Structures are given as structure tokens and as C-alpha cells.
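Student: I'd like to ask you about the structure that follows.
The values are calculated or read from the model by the stated rules, or taken from the named source; none is laboratory data. These numbers were taken from a predicted model, which means no experiment stands behind them. As a convention, Cβ positions derive from the backbone with ideal geometry for all residues, glycine included, and neighbour counts pool all protein chains shown. Ligands, DNA and RNA are stripped out before the accessible areas are found, and what is left, the full protein with its side chains, is counted by its heavy atoms. Shrake-Rupley method; radii C 1.70, N 1.55, O 1.52, S 1.80 Å.
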Amino acid sequence: MSGQKPSLKSGGSSAQSRFQVDTVAESSASPAAPGPAPGPAPGPTDGSKPSDESKGRFRVVGFADLGALGSAMDIGLPPDVFHEPDTAKSDSVSLHSTGTGHTHVSDHSNTYYQRTFGHNTIDAVPNIEFYRQTAAPLGEKLSRPSLSELHDELDKEPFEDGLSNGDEPSAAEQAAAALAAKEAKGGTIKFGWVKGVLIRCMLNIWGVMLFIRMSWIVGQAGIGLTIAIILMATVVTTITGLSTSAIATNGFVRGGEIETVHDLVRTKIAGVNGGAYYLISRSLGPEFGGSIGLIFAFANAVAVAMYVVGFAETVVEMLNDVDALMTDELNDIRIVGTLTVILLLGISVAGMEWEAKAQIVLLVILLGAIANYFIGSFIPTDSKEPKGFFGYNTAIFIENLGPDFREEETFFSVFAIFFPAATGILAGANISGDLTDPQSAIPKGTLLAILVTGLTYIAVAISAGSCIVRDATGDHNDTVSDTVNCTDAACTLGYDFSICREGGCQYGLMNDFQVMGLVSGFGPLITAGIFSATLSSALASLVSAPKVFQALCKDKIYPGLGVFAKGYGKNNEPLRGYVLTFCIGLAFILIAQLNIIAPIISNFFLASYALINFSVFHASLANSPGWRPSFKYYNMWVSLAGAILCCVVMFVINWWAALVTLLIVLALYIYVSYHKPDVNWGSSTQALMYNQALTHSLNLTGVEDHVKNFRPQCLVLTGYPNSRPALLHLVQSYTKNVGLLVCGHVKTTSRRPNFKELSLDHVRCQRWLQEKRIKAFYTPVFSDNLRHGTQFLLQAVGLGRLKPNTLVMGFKNNWSDGDMRDVEIYINTIHDAFDLQFGVVILRLQDGLDVSHIHGQGAQIFFCVSYGKPFQHLFLILAIRHQFTPVVRSLSTKSPLSLADQRLLESSQQFKKKQGKGTIDVWWLFDDGGLTLLIPYLLTNRSKWGDCRIRVFIGGKINRIDHDRRVMATLLSRFRIDYSDINVLGDINTKPKKHNKLSFKELIEPYRLKEDDMEQEAAERLKAQEPWRITDNELELYRAKSNRQIRLNELLKEHSSSAKLIVMSLPLARKGTVSSALYMCWMETLTRDVPPLLLVRGNHQSVLTFYS
């Protein structure tokens, strides 16, 4: 009984259903075992032969009987896993957490997946584990039973895309896995919303601008406009914060966690933090996400330089105060900045835990510095008055209320310098992979940080503008001597700083970047605050940039960047990204001027914010059922307004920098769109495309067809798309970007249809078409023969106006060697198409069309080679399970091809390559509405056929050849179709050559009924059994038409033997009058031994018009 799984009874009493699941017998005396035995589950416990119904039937997860379980120590469970016996023995056990740090093994809760309402069944109740997209610790995520497992017949072994039967983890293995996951989780540093988001955002927002540029901004813009600047930035960040919260709560934010599929095993790559890149890419798709991801990572790297330069400025000011400069101020900033960024790199490389601890210390210092400033603003001293600080004063407040822009500064140039102070709102989202609950933490932490820091900036602006004058000399002797000429606020306080109007003053809001240190109660604490603000923001940016870049590299959107995807340590630290960020930051540190670096960052961050806001608008507009944010305080139109506001501000700040930024985004967008990375994130772009397609399809349905808008929409009977490449390539040439192309595949089967195999084929073939850049759909159907399957396709394929109107087939080259019943089916398929008012196009190549036999027995496995190595193993497994022969595209490993197959392969590729100079000969013998002429015209519009000219051949009478030519030339000119020549054939009705007539007679001989040589009853019976037979009466009735086909073949060889392609009117055969064999002989005779020939017959509705 060790590891025994339940089996299905194949027999039993009549009262017992054959579908009933046996209850597993328990025995307390059963020997303990470490786990379930491999292989199929044993049969019934009575020793009978295992049932076939149970073999390979069920996937059993977390099941073990009591005998197999034994004690915790017997099965090797850790000591904190204990077993709780149950007096009423049950048929199953389960493992679940008791919340006490132990794993509880219960006897009566889990039969297979779970006991469903107390009954033994594999049908699972809802479980959150089924909806996870991450892998389980054992390498396979827990999955619900498939529909096949619940629905398929018992004697049928379903295909499963998971582990094979008998390989599922046992109860003990699940317990061990749960403990391993718990240990792994404990080893990874995770943060709550306060430490992970709120503190990080506040530290990043309270950056360099708070202490060393806020006072200068107040001096330039005045209190009023400074508040406007802060509110304007806050509006942008608040809207972006709301949008970020909406995206973050629309499902689990995994921060760049991705999954790869290789050999049927899911591998989890965790610990990557995507931030803005992750939010945008998963919302708008890889095109926008990939382009903004690079820019956002670069902006964070440059932000490191900005904060470090701010720190270095303060250090150099201190050195200057004590006359200890090493060289000059600019170079000293570079030296100090370089040493600082090296130190920060070391802290970052040490890991997230050290970085988080450093952030807490920096926050305490920063809060102390801010409090110190406000306390000091209430304690004016005489010694500080010459430097411009007088304490809160109404005159100073009124004077500083308005702007006083100097040195060519404007409102928006000052805004550009301030705005980077507001860019820390994504600091929490940037490390979303390191958050315990990012869905809750990001909205709470981000929005609260915006509120707190916004209020802080406004308070500092009002405070600084109310107690510090714009200019001061620092000289105690500059007291008021002339009250007439002195009108500044300082004059009312006893000082005359009017000399500062000429420049040269070093103090006051406009001149002293360190003025907040002057105001504070304890100056060194402000310096410590500056150090704290700048270093914490630099540290946050230094951590964010590599993690964003690592997430981008993990997704393999840009080739060549994969080297930066590798992570190290338990937190998957992007050490290579740290080095790259260090190099970028160092390069900008060497600029050493804060007012130059800040506007550069502003544009990049505004572009990121614009796309985040646009993501929410786009997702809401798409109205996808998957867009269900739990954060409800957002509005799609507010988000759109936020996106527009960001773009407007970008251009107002610096139009050329904004233009360069947008051009970079556009270039990266075009690059990703062209290369189409193999990712599917369920983006809003996909949802909106669906909405638009659905809306347009419905709108088209209400519009009547018009001849001017006619386009050939082709249902092509290709089989597997690569089975008849010449047919597919030719039709693709005249339908690409013009009309619909559907590859129809009738899968004839005598056994029960395997619809799962059909579904797999559909996925593989559609992907193959996409990889080959063939704009087509693949639609397979099961049927008993070609005719019935084609009827299904003709009636059902399409949606509204997007419905085929032309059936395209290959000519049945081997018809005379096969069963004539197949010919009957083939010809009747053509009749069915005409009955349904379809046009019919038939392509004949002398070497044939079907190349599938060259590649091996199983055509479907041929597609796997296009997927790359990871998928070859997958399809080899499919081949083994479905018992078809796997093959490889490389023909060098196979036996040499026959001469016929070599010619077939060569001719199958002739329409794929560019056609040289030549002609497309159009034999427009009968007016079918113009389809025979439209297809060649569409072909010549393609670059592959651009060097070919159209020659038109028509029938006529010898005595009016010139007249017929002029009439046709007039018609073609009105149709606006270029042609090189018009040939009127006056000798169509000439008798064919004798030897050709004899060849036709030999061709039809095996298929004649010869009713004159037998009894009438016998003849009628044979005709009923073999309806394709040609009667003598039929042959005599259509003798002239038969001769015409022979004569046309002679004319084709005479006039069009060198044509690149012949397009000819398809002869019609009246249904019920012309036998299938005779019709087939007509087409065989007409198309024999000529260049590639396309037989075309429209549905006799006009497809061309010369009216505007």
C-alpha cells in the first residue's frame, strides 16, 4: 500500500457505477515508505489485475494514505511537522499550516486536490494556487485538473502538459517543499509599506533641492510662484501616483519576475525590480515599455550624479569657508563627487539589507535637520541680520511674495530645476520585488509621501520667504543712512543692501545656496541634513537604476543587453548594472553643475510619468475585463490630462530637449515594434486592438459591398501551411495588405477526431505563419473527406465582411493514379464553391505543389524547428506521445532526394523570390466579373513582380481582330490597368492537331462508361456506382468544348511558353451534366506542359469598375 493512489474499478456489482472512484483502504500495519512508488498507481487492493481505466488517468497532488504516511519521522519529515491521528479513518490526508510554525498533517481534508464537498473526486474547488503564474519550489506550479482529465473517456490517455502520472509530489514532498519555500522566503529581505515605500519615497523627494536650491527658487520666483511651482509639480506627481497605484493594484506586481518555458519545466527568475519599466511594459506592451525602460534607467543613473553633485557642493562650501580648497571649486566638486559615488556603490553592492538600514539612519538625520530649520527660523539673532535673516516679518513676506527673475531665468526654467525634487515617487515601485505586499504598499506609501513632502516644501518656501531677504552683504556696517533712496524691506529693519543691485553680494536668498544653514538653530545639523538628503536620494537612485535595467534585460527586448540580466546573491543583486550606473553617474558628476544636470533629468522623468498616466488611460479605454484595479481613486480622463500636462511641461521647460527625448522614445519604439520580441503580457494595447477590430468588424457588417472596395479574400486549401509553399506564397503576393488570407486545412480521419491535437496544430501553424511574416490565418477542421471539410470552411470561416469570397486550390496532379472517387470529391468541391457564390482559383505547377512527403511522415512536427531549441524538446515529447515521426528540417541528414523531389523543392520556392523581367499572360477568354484581370494587376503592384508586364489574350474573329483589340484597349484604359500588349486570338476554333486529339482520347479512355457495349440496366447501375464515368452521349455533346481545351493548350505553348505566370479563365462544367472525369480531363489537357498556370473564375459579379 505504500504510496498507493486510487484506481478505477473496471468491474464490480451492477449497482456500482464503472466511473466510481475506489476508496483507498488503509492499514495501520502498512510499512512506512519515504514516498509514493514511481509509475502507475496499483490497482485494487484485492490483488486483481490493475484496471486499464486507471492507467495514466489521473494526476494526484498531495495524496497519501495513512499507511504510506506513517509517522513524521518514518517519512523523513522535519521535526516541526507532526501527525494528528483521527479516530474516524479517512481515505486521504492534507498538509496545511497551523499558524504556529508547524506543518499540520491532517487525515481528512485532501483526497486528490481537495475533498470536494466531502466526496472523492479529482474535480478541484477554487484555490489561489491555481491562478499563480510563478513556479513552485519543486519546479512545477500547482495546477487544477485539466478539462481532459475530467471529461475524456476512461480508456483514453489524455495528453497532459505537466508531469507524467506517478511523478506528482507526495504529501511528504509537499511538506518539505513548503518548508523550503518558507526558509527561502525568510532568507530574502522584504519590506513593508513604511520602510519599503513611504520612507524611501520621502528620502528621495527630500533631496538636494530642499536644502540647497529651495531658498534660491523662492528668491527667483517669489513665494507665490514658488507655491505654484510646488503645486504644479505635486499635481503631476499626484496624478502619476494615482495612476501608479491603479496599475500596481491591478494584480500582483511581481517587479519584473518572469517565467521561461524550457523542456516543459517552468523556471522562476525572481528578485528583479522593474519599477516604471515594469508598470509601463505590462500595461502598454514591450514597445512603450522597452523604450521608456531604457530612458527611465538612464534618468535614475543621471539622478545619482545630481544628488552627489549637490552633496559635493556643500562639502566644497565648507572647505571654502575654512580656506581648504584642494584646487578650485569646480574641480573640488568633481573630486568629492567621485569619492562619494564610489562609497555609495560599495553600500549598494553590500545588498538591500545594508541599504535599508542606511536609509533609516539618513531619515532620522533628515527629519532632525528639517525640524532644526523651523526651530531656528523663530530664533533670529543680531549676528545673522547682516546676512539677510531677520526672522518672520511682514515686510519681508510682502517683498518676497512676487517674482524677481534674474540671470535670464524664467518661471519654467526655475520649475525645471525644482522638478527633479518631485521625482522620487517611484522609489518604492522601483523595488516592488522586495516588498512584502506591493499591491497595498505602493498606493499607501507613494500617496502619503507626496502629501507629506509637498506640505514640507510649501512650508519651507513660505518660511524662507518670510524671514530672509533676497540680497545681503554680510557687512555689519551696512546700516540705513539714506532713508529716501532705501526702499527695500531690509531698510525698515535698519540695513541698507541696495549696493547688491550692482551684484557681488554673497548672502540672501538669491546668492547663498546654504542659507538654510544660516537660519537653523544648529548649523551643523543642517549640513548633516543636506548630507542625508543628497546621499539617501543618490543611494535610492543608485539602487533603482540597475534594478530597472536588470528587469529590462531579463525580458530580452534588446539583443546584446543580456549580460546585465544576471543577478548575484539571495536577492539577485544586479552587480553589473551597479557598475554601469556608476560609470554613467560618474560621467555626469564631472559636469559638476547642478543647474545643468537637473533639467536633463526632468525631461526623462516627465516622459516616464506621461507614459504611466497614459497607460491607465489606455487600459481604461480598452475596457478589458482584466483591468480591475482594487485602487478605485483614479479616473481615465484625469490620467490623460496628467499625460498631456507632462508633455506640455517637457516642451515648455526645454523644447529641444523634449524633442530629443521624444525622438529617442520613438526610435526605440519603432525598433521594438519591428523586431517584435516574443513576449505576451496581456497589455492594454492588445485589448484596445481587439476592441477596435471588433468595432470595425461590426461597422463593416452594416455597410453594403461596393465594387470599388472589392478585394480578393481567399480561402486557400493549403493543408499545413508549409505543405504547399508555392500556393501560399503566390496568394500571399496578391492578398498581403489588400485582402484576407485563410489557410484552410481539412484533416480527414476515419477515427474519432482528436480536437486537442487540432488545437495544438492551430497554435503551431499560426505561429509559423507569423514567423514567416505571412499575413494569414490558419483554420483546420476535421471531416470525413475533402468536400465536406471544404463545405464547413466555405460556410463558417470569416467574421462579418471579413469573409472569404474566393476558394484557392492546388491542381490535383496525380488524379489519374489514384482513386477516381477522390476526383469526384475534388470536382464536387469546385461545384460547391460556385453554388455558394465563391470565385475559384486553381494553381498548377508541372512538378506539383505538395512537399510535405519530403520532410517526413508527420507534417505537424515540421513546425517545431522554427521555434528554436527550447521548443524542439517539447515537440519531440509530443511526437512520442502521439506516435508520429519527428523530423528535422536539415535535409543533409536524410537520404539523397530523388530528381523529381529536387525539382519539386525548387519549384515550390519560385514565387518566394523576386521575379525577373518577363510577362504575366492573362488569357481573359470569358468575362467572370474581372477577377481574372484583377489578380495579375495586384501581382504587378508587388516588388517581387514589379518587373513583369501584363499581356492580355482574348478570343475573337479573324475578320475583326483590330476592332476587338481597340475595344479591349479602351476597356483596360478605363480600368486604369497598364498592359504591354493585347493579342486577339482568331484561331481558337481551329481544329486541334491530330496527335493531340489522340492524346485526349487516350486520356479519357479508362473513364468512359461505353454504355453501347452493355445492357442498359447494367450501364445505369455502373453509372450510379461510378458517377464519374463519361457517357458516349456526354462525350458527343461536348466534343466541341473538348476540342477547344486541346486547341487552347496548343496556343498556350505557342504564345506563352516563356511567361512567368499564366492567368487563364477556368472552363466551367455544368453540374449534373458534365461528369467529373471529363471535367478533370479538360483541365488536365488545358494545363499540361505549360509554365505555372492559374485558372481563375470569378462569381460573375463585377470586381472592376471605371466609375469614380
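Student: Apply 1/(1 + (r/R0)^6) to the Cβ-Cβ distance of His853 and Thr436, taking R0 = 60 Å, and write down the FRET efficiency to the nearest 0.05.
Tutor: Numbers: r = 59 Å, r/R0 = 0.99.
Approximately 0.50, to the nearest 0.05.
Student: How would Leu575, Leu666 rank on accessible area, largest to smallest, probe 1.4 Å? Intermediate results must be reported in sequence, preceding the final value.
Tutor: Values: Leu575 55, Leu666 90 Å².
Largest to smallest exposure gives the sequence Leu666, Leu575.
Student: Sequence-distant or interchain residues sharing an amide H contact under 5 Å with Val808, placed H: which?
Tutor: Leu715, Val716, Leu717, Val841
Student: Multiply the residue separation of Ala350 and Phe755 by 0.36 nm, subtract the distance between their alpha-carbon atoms, and state the gained length in nm to one decimal.
Tutor: Working: separation 405, 0.36 × 405 = 145.80 nm, distance 5.49 nm.
The span from Ala350 to Phe755 would gain 140.3 nm if fully extended.
Student: Then there is this: Kindly identify segment 610-657 as rounded, prolate or oblate by the Cα gyration tensor criterion: order the square roots of the eigenvalues as a ≥ b ≥ c, call it rounded if a/c is under 1.5, otherwise compare a/b with b/c, prolate if a/b is larger, else oblate.
Tutor: Numbers: a/c = 3.65, a/b = 2.70, b/c = 1.35.
Verdict is prolate for segment 610-657.
Student: Is the shape of segment 202-250 best called rounded, prolate or oblate, per the rule: a/c under 1.5 gives rounded, else a/b larger than b/c gives prolate, else oblate, with a ≥ b ≥ c the square roots of the Cα gyration tensor eigenvalues? Numbers along the way, then the final one.
Tutor: Working: a/c = 5.88, a/b = 1.98, b/c = 2.98.
Taking the square roots of the gyration eigenvalues as a ≥ b ≥ c, segment 202-250 is oblate.
Student: State the extension gain, in nm to one decimal, for the chain segment bounded by Glu1050 and Gln846, taking 0.36 nm per residue of separation less the distance between their alpha-carbons. Walk me through the numbers before you get to the answer.
Tutor: Working: separation 204, 0.36 × 204 = 73.44 nm, distance 1.61 nm.
Extending this stretch completely gives an extra 71.8 nm.
Student: If a/c stays under 1.5 just call it rounded; otherwise compare a/b with b/c (prolate if a/b is bigger, oblate if not). Do that for segment 597-692, with a ≥ b ≥ c from the square roots of the Cα gyration tensor eigenvalues.
Tutor: On the way: a/c = 2.56, a/b = 1.36, b/c = 1.89.
Oblate, since a/c reaches 1.5 and b/c is not below a/b.
Student: Please give the contour-minus-distance gain from Lys913 to Asn941: 0.36 nm per residue of separation, less the Cα-Cα distance, rounded to one decimal in nm.
Tutor: Values: separation 28, 0.36 × 28 = 10.08 nm, distance 1.52 nm.
This chain segment gains 8.6 nm when fully extended.
Student: In addition: Provide the packing ranking of 323-330, 283-290, i.e. peptides ordered by the mean count of other C-beta atoms within 10 Å per residue, highest first.
Tutor: Numbers: 323-330: 10.4, 283-290: 25.4.
The most tightly packed comes first, giving 283-290, 323-330.
Student: Dipole of segment 704-860, Cα-centred, from +1 at each Lys and Arg C-beta and -1 at each Asp and Glu C-beta, to the nearest 20 debye?
Tutor: Values: 19 positive and 14 negative charges, 134 e Å.
That gives segment 704-860 a dipole magnitude of about 640 debye.
Student: Can I ask one more? Check Arg470: other-chain or 5+ apart residues with amide H under 5 Å from its amide H, H built from backbone geometry?
Tutor: Result for Arg470 returns Leu509.
Student: Still on this structure, I have one more. Normalised by the number of residues in segment 517-668, what is the relative contact order in percent for Cα pairs under 8 Å and 6+ residues apart? Could you put the intermediate results ahead of the total?
Tutor: Values: 106 pairs, mean separation 24.8, N = 152.
RCO, segment 517-668: 16 percent.
Student: Modelling each spin label as a point 7 Å along the Cα-to-Cβ direction, I'd like the Cys486/Met318 distance in nm, to one decimal.
Tutor: Once both label points are built, they end up 3.6 nm from each other.
Student: Also, quick follow-up: Between Met1064 and residues 5 or more places away or on another chain, which pairs have amide H atoms under 5 Å apart, with H built 1.01 Å from N, and which residues are they?
Tutor: Answer set, sorted by chain and number: Trp923, Leu1094, Leu1095, Val1096.
Student: So what J values fall out for segment 748-757 if you push phi through Karplus, 6.51 cos²θ - 1.76 cosθ + 1.60 with θ = phi - 60°, rounded to Hz, Gly and Pro as x?
Tutor: Values, residue by residue: 7, 8, 8, 9, 5, x, 9, 6, 5, 5 Hz.
Student: To the nearest 0.05, how large is the calculated FRET efficiency for Glu407 and Asp901 if R₀ is 51 Å and r is the Cβ-Cβ distance? Present the calculation step by step, with values, prior to reporting the outcome.
Tutor: Details: r = 81 Å, r/R0 = 1.59.
My answer for the efficiency is 0.05.
Student: Still on this structure, I have one more. How high is the FRET efficiency between Ser973 and Lys1010 when r is their beta carbon distance and R₀ equals 60 Å, given to the nearest 0.05?
Tutor: Values: r = 52 Å, r/R0 = 0.87.
Rounded to the nearest 0.05, the efficiency is 0.70.
Student: Using the basic label-point model (7 angstrom from Cα toward the beta carbon), what is the Ser980 to Ile360 distance in nanometres?
Tutor: Between Ser980 and Ile360, the label points sit 8.4 nm apart.
Student: Quick one: of Lys736/Lys812; Lys195/Lys554; Lys357/Lys570; Lys803/Lys944; Lys812/Lys1060; Lys632/Lys775, which pairs are farther than 29 Å apart, Cα to Cα?
Tutor: Violating the 29 Å Cα-Cα cut-off are Lys632/Lys775.
Student: How far apart, in nanometres, would the label points at Thr1105 and Val707 be if each is projected 7 angstrom from Cα along the Cα-to-Cβ direction?
Tutor: Modelled inter-label distance: 0.7 nm.
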